[in-house]
1. Can you tell me how much longer the chain between D105 and K36 gets when fully stretched, taken as 0.36 nm per residue apart minus their C-alpha distance, in nm with one decimal?
2. Can you give me the relative contact order of the stretch 18-88 as a percent, contacts being Cα pairs under 8 Å and 6 or more apart?
3. List, largest first, the extents of the alpha carbons of the stretch 33-81 along their principal axes, each in whole Å.
4. In Å, what Kirkwood hydrodynamic radius results for the stretch 3-56 from the alpha-carbon pair distances?
5. Counting other Cβ atoms within 10 Å, keep those with at most 13, restrict to DSSP loop, and tell me which trypsin sites (Lys or Arg not before Pro) in the stretch 1-106 are left.
6. What three numbers, in Å, describe the spread of the alpha carbons of the chain along their principal axes, ordered from the longest?
Amino acid sequence: MGNMSLSPLGYEAYVKIFDALSHPMRIKIIGILHKKRRYVSELAKLVNMSRPLLYMHLKKLEEADIIDGTYEISESGKTMRFYELKSFDIRLTPEILEELGQGIDVGG
């Protein structure tokens, strides 16, 4: 098999993904964005959350490369931030975790 990697991502990317998926509200946001992209105010109403708290969750999802945020100008001239789900297919097996673990320096 040679140097073929089981995982297309390094362990740092998996850590960000695990962190992003560790909160139920972020999983709910992903479920909502799966249907269609949404602007922040609309998303805040759907999850019944303040925009500052929502932005914290969205930032975690964006850092994990799970969602994408873009600014658009509405017809009225207002700047609106839209979020959409990126396509992903995350594989996780004991073998992948073993491989990822080999890249983690525990020091000492």
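1. Numbers: separation 69, 0.36 × 69 = 24.84 nm, distance 4.01 nm.
The D105-K36 span can extend by a further 20.8 nm.
2. Working: 79 pairs, mean separation 25.5, N = 71.
It comes to 36 percent, rounded to a whole number.
3. The Cα atoms of the stretch 33-81 stretch 31, 23, 21 Å along the principal axes, largest first.
4. Numbers: mean 1/r = 0.0774 Å⁻¹.
Hydrodynamic radius (Kirkwood, Cα pairs) of the stretch 3-56 is 12.9 Å.
5. Values: sites: K16, R26, K28, K35, K36, R37, R38, K45, K59, K60, K78, R81, K86, R91; in loops: K36, R37, K78, K86, R91.
Those that pass, being in a loop and sparsely packed, are K36, K78, K86, R91.
6. Result for the chain: principal-axis Cα extents of 57, 27, 23 Å.
Read the figures in this text as sums done on the coordinates, not as results from a lab. Keep in mind it's a predicted model, so treat the numbers as computed, not measured. Cβ sites come from the backbone with ideal geometry, for glycine too, and all protein chains shown count toward neighbours.
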